[in-house]
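This report concerns only the one structure given below.
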Amino acid sequence: MGLSYSYEIITPARDVGTALRKLRELAPRPDRRPPITVTLPGGDRVVVPYTSGFRGEPVDCSAGGTLELDTSLMFGVDDAVREYMEDRDPEADELGRVPIGYIYLTVRFAPAEHPRYASLEFMAATTGMSRLFARSPGVRAVFTGLAAESGGVCCLFDTETEILDVCWLDGRPVQETVPGPRFANYLALAATWSGQGPVAKP
């Protein structure tokens, strides 16, 4: 099996709509596909220029559960991105960014390990993209920037090992691990989030 690395943003449940609207700003332009409408818990509706399960029908998540989106995101060109795109011919936008995708986004509303929050997990589609996620400071900056702009309390990088990298916490970029010197486990990390109760990771 190939590598499937991912970035996960934890945000208060009320801020999922904000996160999805900020995510639209990272979509390639001009949009190459019709947008879809997503209905969130509480009835808020967000239009996003992506597909869900590679289909373009509206998605109703008003009852919670999960939302799956197939995304392509724009990243600035650093050395790792340049190497990844070497055999491709990407069209850069006016900011010098290039599209990378598919990146599979899973939004979990009120997951068991932190029910007052929502989880947005961005998973690389290939081994090569996973390695790019690990090597590129620019890719990491995009995800920590999205966490910052959408009220995220935490951003994690998962390399499919027992150790998670914490790259955004307490409103700033950090370099921590779970487990690590500061956080013995996921519960210790979650305890730093405002309003988070004593809910253990299964």
Answer residue from the range 77-100, given it is open to solvent by less than 40 Å² (accessible area, probe 1.4 Å) and aliphatic (A, V, I, L, M) and is farthest from L132 (Cα to Cα) among those: V98
When only residues in the range 175-199 that are modelled with pLDDT under 95 and of a type in the set (V, I, T) count, which is most open to solvent (accessible area, probe 1.4 Å)? T192
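If you go through the range 66-76, how many residues are of a type in the set (D, E) and open to solvent by less than 80 Å² (accessible area, probe 1.4 Å)?
Taking the range 66-76 and keeping what is of a type in the set (D, E), we get 68, 70.
When the remaining residues are screened for being open to solvent by less than 80 Å² (accessible area, probe 1.4 Å), the result is 70.
Matching residues across the range 66-76 total 1.
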So, in the range 117-166, how many residues would count as being in a strand (DSSP E or B), among the small types (G, A, S) and in contact with a helix residue (DSSP H, G or I) (Cβ under 9 Å, 6 or more places away or on another chain)? 2
Going by what's in this entry, would D158 be described as modelled with pLDDT of 95 or more, closer than 19 Å to V107 by Cβ, of a type in the set (D, E, K, R) and open to solvent by 20 Å² or more (accessible area, probe 1.4 Å)? yes
Every residue from the range 11-65 that is under 21 Å from H114 (Cβ atoms), open to solvent by 50 Å² or more (accessible area, probe 1.4 Å), part of a loop (DSSP other than H, G, I, E, B) and touching a strand residue (DSSP E or B) at 6+ places or on another chain (Cβ under 6 Å): P41, S62
Please find, within the range 101-112, the residue that is surrounded by the most Cβ atoms within 10 Å (Cβ to Cβ) out of those that are under 15 Å from the mean Cα position of the chain (by Cα) and among the aliphatic types (A, V, I, L, M). L105
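Return the residue satisfying two criteria in turn: it lies in the range 26-68 and is polar (S, T, N, Q) and in contact with a Ser or Thr (Cβ under 8 Å, 6 or more places away or on another chain), and of such residues it is nearest to R108 (Cα to Cα).
Filtering first and then ranking leaves T66.
Among the candidates A63, A92, A80, which residue alone is farther than 17 Å from R21 by Cα and at pLDDT 95 or above? Reasoning before the result, please.
Values: A63 fails: at pLDDT 95 or above; A92 fails: at pLDDT 95 or above.
So the residue among A63, A92, A80 that is farther than 17 Å from R21 by Cα and at pLDDT 95 or above is A80.
Quick check, is R97 charged (D, E, K, R) and closer than 18 Å to T18 by Cα? Steps first, please.
Working: charged (D, E, K, R): yes; closer than 18 Å to T18 by Cα: no.
Criteria not met by R97.
Hey, among P179, P137, which residue is free of Cβ contacts under 8 Å to residues at least 24 places away in the same chain and farther than 23 Å from D15 by Cα? Before the answer, list the steps.
Numbers: P137 fails: free of Cβ contacts under 8 Å to residues at least 24 places away in the same chain.
So the residue among P179, P137 that is free of Cβ contacts under 8 Å to residues at least 24 places away in the same chain and farther than 23 Å from D15 by Cα is P179.
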E8 vs. criteria closer than 18 Å to M123 by Cα, among the charged types (D, E, K, R) and not in a loop (DSSP other than H, G, I, E, B): yes
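The values are calculated or read from the model by the stated rules, or taken from the named source; none is laboratory data. Just so it is clear, the structure is predicted and the values come from calculations on it, not from any experiment. A quick note on method: Cβ atoms are made from the backbone with ideal geometry, for glycine too, and the neighbour counts reach across all protein chains shown. To get the accessible areas, we keep the full protein, side chains included, count just its heavy atoms, and leave off ligands, DNA and RNA. Shrake-Rupley method; radii C 1.70, N 1.55, O 1.52, S 1.80 Å.
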